[in-house]
Amino acid sequence: MNNELIATNNGNIIGEVVIPGDKSISHRAVILGSLARGKSKIDNCLMGDDVLATIRVFKNLGIDIKISSENTLMINGCDMSVAQNEYSLDLGNSGTSIRLIIGLLAGMGIAARLTGDESLQKRPMRRVTDPLKKMGARIELTNNEYPPVVISGTYTLKPIDFKPPMASAQVKSAVLLAGLNCTGKTVVREKIQTRDHTERMLSLFGGDIQTEEGIVCLTGNTGLKAVDFSVPGDFSSAAFLMVGAIIANQGDLLVKNVGLNPTRTGLLRLLREMGARIEINITSDDFEPVGDIRVYQGGLTGITVDPSLIPSAIDEFPIFFIAAACATGVTILRGAQELRYKESDRLEVMANGLRELGIKLKQHDDGMEIEGGAFTGGSVDAKGDHRCAMSFIIASLRASKSIKIMNTKQISTSFPSFLKLVNSLGLTVR
Ligand code: S3P
């Protein structure tokens, strides 16, 4: 993947696409398939750099994982019995991998040092290690917050009853994965529900887990069993193309086989509130609802984002800001300080890029007010954040001149086929 791209206005997004597998679900498929007893076959697994990092870690831990065809994984699980060793693990750019794996290994009392790239080494980890330490884990952080993270092995954890101080599926999942190895009930109480893939998939793999009114309750040490399934397309990847079709001069796009878990699809509600025409057709609902999305070009109007929708749209704000910049009137987002702790500070990176493209806005500590306008061309820096890079590429659909986007190579962490796909749909990106 090039680290610098030029996107030239073309204006149309028309066609039918299938999106690669969901990143969150693919990570969890590798983790739970590795822990289960027996052979799991995972179809449509995302083969982006982040999931490949998770696969690499479990291979290092001694699990037999084979990529049997383009997107199919065969995992021969270890029945929760990873060998005691001193592991040194590199998670690249992936926050989900490091946070979930810290929970798992801490729960197993396995000694390991975990680190990642420059961006990952700036991401806060106390949010996961604080509850894990309450469970009895022994973990050291760099400067009391960041990777490298060192877990010292050999101890037994006890379950906790935990209220996460921030809305985070990674924190919830780290505690639940640690709870898999505790005798008794681990409870997580969320104020606003975050993505619930871990809960759904633990249940799919035969774990003893219940959720009621935002309270998740897991009984540990019951074992997991292997299962075969197919990963739905990633709604967060589809989001770029959906917004593209709405803001294009001509847009009519059918996205097939996408995950439509309501804890992920806040963007649908936001775009509809702005006036977008979107049709949903649910085609199956096994462990996750899946279906087709059809979106049409149309004008948007600015809105004030309901803060209760933020967790279910958390990864979509970079592309939502592009939609807001194309809307008539002002769009206001507050209460979204979590955006500062993603692969980049997404409020800062998007605000700088939008200003460079001629958009008027006000940045707040916890959000942004964007006045709809017209994109000029210009040169923007995605700062190595895949979702900001893809968002600026989509902005080119409405830009008067080309947009140069720097630090884009991390697009391959979540959507390796993005450039090929958008070029085939009508954009010109080189
Ligand atoms: C994820 C949870 C979210 C999201 C990330 C993937 C997951 O992070 O932003 O891209 O798979 O659990 P937080 O838990 O930090 O909100």
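The values are calculated or read from the model by the stated rules, or taken from the named source; none is laboratory data. Note that the structure is predicted; figures quoted are calculated from it, not measured. Counting neighbours? That spans all protein chains shown, and the Cβs are built from the backbone with ideal geometry, glycine included. Remember, those area values only see protein heavy atoms, side chains included, never the ligands or the DNA or RNA. Shrake-Rupley method; radii C 1.70, N 1.55, O 1.52, S 1.80 Å.
Quick notes on this one:
- Matching residues in region 290-314 - criterion: being open to solvent by less than 10 Å² (accessible area, probe 1.4 Å) and part of a strand (DSSP E or B): Gly291, Ile293, Val295
- With respect to the conditions (1) outside the structural domain of Gln250 (by TED's automatic domain parsing); (2) over 24 Å from the mean Cα position of the chain (by Cα), Ser40 lacks only one, and its number is (2).
- Pairs with Cβ under 8 Å, 6+ apart, first in region 50-62 and surrounded by 17 or more Cβ atoms within 10 Å (Cβ to Cβ), second at pLDDT 95 or above and of a type in the set (Phe, Trp, Tyr): Leu61/Tyr87
- The set of residues in region 68-89 being open to solvent by 10 Å² or more (accessible area, probe 1.4 Å), modelled with pLDDT of 95 or more and out of contact with any Ser or Thr (no Cβ under 6 Å at 6 or more places or on another chain) consists of Asn71, Thr72, Asn76, Tyr87, Ser88.
- Hits in region 315-340 (condition: assigned to a strand (DSSP E or B) and in contact (Cβ under 8 Å) with a residue 40 or more places away in the chain): Thr328, Val330, Thr331
- Hey, Ala112 more than 15 Å from the ligand (Cβ to nearest atom) and outside the structural domain of Glu343 (by TED's automatic domain parsing) or not: yes
- Flag for Ser379 being out of contact with any Phe, Trp or Tyr (no Cβ under 6 Å at 6 or more places or on another chain), open to solvent by 30 Å² or more (accessible area, probe 1.4 Å), of a type in the set (Gly, Ala, Ser) and free of Cβ contacts under 8 Å to residues at least 60 places away in the same chain: yes
- From the options Gly207, Gly136, residue that is crowded, with 22+ Cβ neighbours inside 10 Å and touching a Leu at 6+ places or on another chain (Cβ under 7 Å): Gly207
- Matching entry among Tyr155, Tyr146 (being in contact with a Lys or Arg (Cβ under 8 Å, 6 or more places away or on another chain), over 23 Å from Gly33 (Cβ atoms), at pLDDT below 95 and away from the ligand (no atom under 12 Å from the Cβ)): Tyr155
- Checking Ser168, Ser230 one by one, the residue that is under 23 Å from the mean Cα position of the chain (by Cα), away from the ligand (no atom under 16 Å from the Cβ) and of a type in the set (Ser, Thr, Tyr) is Ser230 and no other.
- When the criteria are applied in full, Val171 fails the requirement of being open to solvent by 10 Å² or more (accessible area, probe 1.4 Å), of a type in the set (Val, Ile, Thr) and either on the phi < 0 side of the Ramachandran plot or outside the structural domain of Ser34 (by TED's automatic domain parsing) (or both).
- The residues listed here are Gly109, Gly95, Gly153; of these, the one that is under 24 Å from Val30 (Cβ atoms) and either open to solvent by 30 Å² or more (accessible area, probe 1.4 Å) or in contact with a Phe, Trp or Tyr (Cβ under 6 Å, 6 or more places away or on another chain) (or both) is Gly109.
- Boolean, Ala178 is crowded, with 24+ Cβ neighbours inside 10 Å, within 12 Å of the ligand (Cβ to nearest atom) and hydrophobic (A, V, I, L, M, F, W, C): no
For every residue, the table says whether it meets (1) surrounded by fewer than 16 Cβ atoms within 10 Å (Cβ to Cβ); (2) within 21 Å of Ile13 (Cβ to Cβ).
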| residue | (1), (2) |
| --- | --- |
| Glu316 | no, yes |
| Ala323 | no, yes |
| Leu339 | no, no |
| Glu348 | yes, no |
| Ile370 | no, no |
| Ala395 | no, yes |
| Ala399 | no, yes |
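- Residue in region 410-430 that is nearest to Glu118 (Cα to Cα), counting only those that are among the aliphatic types (A, V, I, L, M) and not in a loop (DSSP other than H, G, I, E, B): Ile411
- If you go through region 122-133 and keep only what is open to solvent by 50 Å² or more (accessible area, probe 1.4 Å) and either assigned by TED's automatic domain parsing to the domain that holds Tyr341 or within 16 Å of the ligand (Cβ to nearest atom) (or both), you end up with Lys122, Arg126, Asp130.
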